[in-house]
Structures are given as C-alpha cells and as structure tokens.
Amino acid sequence: MGKFILKTDSAKKVIDIELEGTFTEEDGLKSIQAYKETISAITPADYQLQIDCRKLNVTAPEVVPLLEGCFIMFKSDGFVRVNLTLENNPVLKMQLSRLGRKAGLENLEIISV
Amino acid sequence: MAGIRIKDIDIYHPSKKIGNDFFIQHFDEKGIDIRGLLAALGRENRYSIDNEEENSLTMAFEAASNVLEKTGLTGADIDLIAYASQTPEYIFPTNSLMIHRLINGASHTICIDSNANCAGMTASVEQVSRQMMANPRIRRALVIGSDHVAPHADKNDPVYYANFGDAAAAVILEHDENSVGFIDSIYQTDTCVYGNSMFPAEGLANVGRTGVGAGQFNVKFIPFDDSICVNAASESINTLLSDNEIAPESIKVACFSQLSLPNIQAVSEKTGIGSDVAVYIGDEFGYTSTSSPFIALHKAVSTGKIERGDKLLFWTVGAGWQNVAFVMEY
C-alpha cells in the first residue's frame, strides 16, 4: 500500500510531498486528488515542488506510467522547479529523466542520494 | 519470400560537440602533432559525454527508446534484446537485462550482451538475423550498440583519445513475410595484431587484486598500420557478393567502419562499390566504434539515400582483428 504526506510551506513557497511504499492505481488517484486540492489554493508558478521518493518503491514497473502522468500534470501547473529525490539508482534516474523530458518538464531535477 | 529486415533505426548522441582544435591543443602541449593523423582519418567533430549522468548504458537506453517511439512499439513487442558494447557499464547483470527492465520488456524476451569490440553491433545484427531465421519465436528483435571509450583512453595516446566519439544506435529487426531482408554474411579473422589493443591493459583479474587507480587500466594500444585490413575486407566482400550473385553496382548504400576515411575509399575501390555509395559520418561523429556502421545507416535512411528493397552492404572490423560483412535488402 502507498502512503503520501503533503505539506505546504507558504512562507518558503515550497510544496513537499513524501511518497512511501508501493502505489496501486487507487493510491495514485487518491494522492493526485489531494495534490489537486492543495494546489487549487495557491499559485503554482510561485512555488517549488519537492517530491521525496526515497521510501517509494518506484522500481515497480507499474508505478512508472503513473509518474509519467504526474510529470505532465506538474508541467501544466507551471511550478518554478520540480525536485525529485531518489535512493541512488542510476538506471531509474535515467528512466525518469527521459519521462520528464518526454513530458516537457524542463525544470525537473532528479537528485539521487 | 519471408525475410529478416531492418524495421527501423534510431540513434542517440550526447549534446556536447568537440572539434579537432581541442585535441590538437592537448597534444601540442605534449609536443605531439596530431594534425596529420586527424586529417588522414577524416576527423572534424565528435560528440562527447561531459557529465557523470551519462554512460554507454544511458546512451543505449536513449537510442532504444527513440527507435521504439518512432515505430510505435513497446518493450512488450520485443522478443530478443541484444546489447553490443566493448565498454559495457556493467559486467553483470547483462546490460540487455537492464534495458529490458527500462522498456518493460515481456517475460519471454531473450536478453543477451555481446562483445566483438568495434565489430560488435554489426556482428550482433548478423548473429541475431541468423537466429531469427532459425527460431520462429523471435518475430522482433532490438539490437543496440553503444560505446563510451573516452574514460578508458590514455590521454597520451592520440589514436584512442582524439578519434573516438560517444554515440549509440538501436535497430529493430523484424520477421517480414513480404521482404527478402538479410541475405548472407561472411567473417574473416586474422589474429596477427591480437595484442595491439587491450583493455583493461592489466587484465580484469588485476582490477580485482589491486583496485582501480585513475588511468591505471586504460586501453593499452600499440600502433600498427590499420590499412592492412583493407585487403581482408575486400576479399570478404568480393566473395560475399560473388557467392550471392550480387553485382557491386547494385549495392545502393554501404555502411562501413568509420575508423578511417581512406580505408572506406580503398575498400570501395577494391570491391567495385561506387565512390558515393559508402556513407561517411566520421567527420561529424568521430569514431563511434561498435555503432559506427549503423550511425552511417541512420544517415542514409534519414537523408533518403536508401529506399525499401535497395541492397545494403555492411562491413566493419574489430580489434585483433575480425572482419564482418553482410548484405541485405533494406
């Protein structure tokens, strides 16, 4: 089961999302709904989006199309910058970088730690 | 007639372009004039990885993704993945297995890495085509060639440091009921220079024993006259064409090793291939080793130099060395 924690820091203009576990399609839809409710109250173009995927099982192939859809959504919402933090995994990093480019998310930075 | 044909091809290269001037200055500072060497081989530019994010595997993934997107196929449509590299990023698992994961390949997919050095991708396409002719379970194969030689080149060695470029190519081979496709191939092996290009210089076992110091395990290269492969290549190609009753003038495009422009011209002349038939991309890409004949094919396809049904000839040579040639209908 996937868990998500979503926090808005209005002073620093940052939205922090922590993702954990293995996301089913239902988990994904719930988190997207929560995300949409959060950004409806702000102007995303003023904000930075920071997504911590270190505890997320993103190596599960079924999560990848979900992330691709999210990248398209982040692009259209127009954040100043989108940061994605992963456990050190060069292969996954290259896969997600390509998805980001495909979605036209030019301000995506993937940090491998 | 059913055959194994190239469904499509695509490539990837890093964004940074380096011209000859950079290398000329580098070697001038060492008192070595490489202008003659670069001019003789036909070099002008090459693309080069300039960050820690990219390597031979990332380039392979990009090229593979490009060709899949172009053809509208997905990983699930591929029955065999063959990955050719002399600079594989990993020894295990196979790099083809990693590509399988990245493209969400099917569970029945065969994953193999191969290494025939600079002849690698040509040998892989040849071997996979032969395998597909014998194995009806393989309807579609993805063959990728990718090399990133620069980190392993001795910066005091003009041949390895100044000539190579980074790039990858990926082709999809497909069983097609209505095409001739792959026709025939020939190999010619001569081990007279088997010790002239060795990597890692001290052997893999020593990497484990003594660790890896920067530059310690570069390519060990003893210069030799590479033009001696011209006669072997010409003999091979002449035999190949003659055995299959193919007139040299019916070859529309020749995709040869891009190591040396004079070698391409000499092989063309000795085999009766027209001077404008062999595609040269070594001026733009440098020498991309395993993928070099396929980068040439990509240029021929993208510029409309070749059309479906045209006869296509490949030849290249791997360190040591081994000549590989095959002919097919595009």
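B:Y187: surrounded by fewer than 22 Cβ atoms within 10 Å (Cβ to Cβ) and assigned to a strand (DSSP E or B), yes or no? Outline the logic, then answer.
Details: surrounded by fewer than 22 Cβ atoms within 10 Å (Cβ to Cβ): yes; assigned to a strand (DSSP E or B): yes.
Yes: the conditions hold for B:Y187.
What residue, among those in the range B:38-70 that are more than 12 Å from chain A (Cβ to nearest Cβ) and surrounded by fewer than 17 Cβ atoms within 10 Å (Cβ to Cβ), is nearest to A:N88 (Cα to Cα)?
Filtering first and then ranking leaves B:D50.
Please determine, by comparing only the residues of the range A:100-113 that are in contact with a strand residue (DSSP E or B) (Cβ under 9 Å, 6 or more places away or on another chain) and not in a strand (DSSP E or B), which one is surrounded by the fewest Cβ atoms within 10 Å (Cβ to Cβ). So that I can check it myself, show each step before the final result.
In the first step, residues of the range A:100-113 are kept if they are in contact with a strand residue (DSSP E or B) (Cβ under 9 Å, 6 or more places away or on another chain); the result is A:100-101, A:105, A:107-113.
Add one more test, that the residue is not in a strand (DSSP E or B), and what stays is A:100-101, A:105, A:107, A:113.
Numbers: A:G100: 22, A:R101: 13, A:L105: 21, A:N107: 15, A:V113: 8.
Only one residue fits best here, namely A:V113.
Tally the residues that are among the small types (G, A, S) and either within 14 Å of chain B (Cβ to nearest Cβ) or not in a helix (DSSP H, G or I) (or both), restricting the search to the range A:20-55.
Residues that pass the stated criteria total 3.
Being within 22 Å of B:A64 (Cβ to Cβ) and loosely packed, with under 15 Cβ neighbours inside 10 Å is the filter; apply it to the range A:56-65 and report the residue that is farthest from the other protein chains (Cβ to nearest Cβ).
Keep residues of the range A:56-65 that are within 22 Å of B:A64 (Cβ to Cβ), which gives A:58-65.
If we keep only those that are loosely packed, with under 15 Cβ neighbours inside 10 Å too, we end up with A:60-62, A:65.
Details: A:A60: 11, A:P61: 5, A:E62: 9, A:P65: 9 Å.
Per the stated criteria, the residue is A:A60.
Of all residues being within 22 Å of B:E62 (Cβ to Cβ) and among the charged types (D, E, K, R) in the range A:66-107, which is farthest from the other protein chains (Cβ to nearest Cβ)? Just the residue, please.
Residue satisfying both the conditions and the ranking: A:K75.
Within the range B:262-321, how many residues turn out to be at negative phi, of a type outside the set (V, I, T) and in a loop (DSSP other than H, G, I, E, B)?
Residues meeting the conditions: 10.
Of the numbered conditions (1) free of Cβ contacts under 8 Å to residues at least 24 places away in the same chain; (2) more than 23 Å from B:Y160 (Cα to Cα); (3) not in a helix (DSSP H, G or I), B:G208 satisfies every one except a single condition; which is it?
(3)
Would you confirm whether or not the range B:98-108 contains a residue that is of a type in the set (K, R) and away from chain A (no Cβ under 11 Å)? Lay out the reasoning, then the answer.
Let us first name the residues in the range B:98-108 that are of a type in the set (K, R), namely B:101.
From the residues that got through so far, the ones that are away from chain A (no Cβ under 11 Å) too are none.
For the range B:98-108, residues of a type in the set (K, R) and away from chain A (no Cβ under 11 Å): absent.
No lab work stands behind these numbers, since they all come straight from the coordinates. Since the structure is predicted, the reported quantities are computational estimates derived from the model, not experimental observations. In this analysis, Cβ positions are derived from the backbone assuming ideal geometry, glycine residues included, and neighbour counts consider all displayed protein chains.
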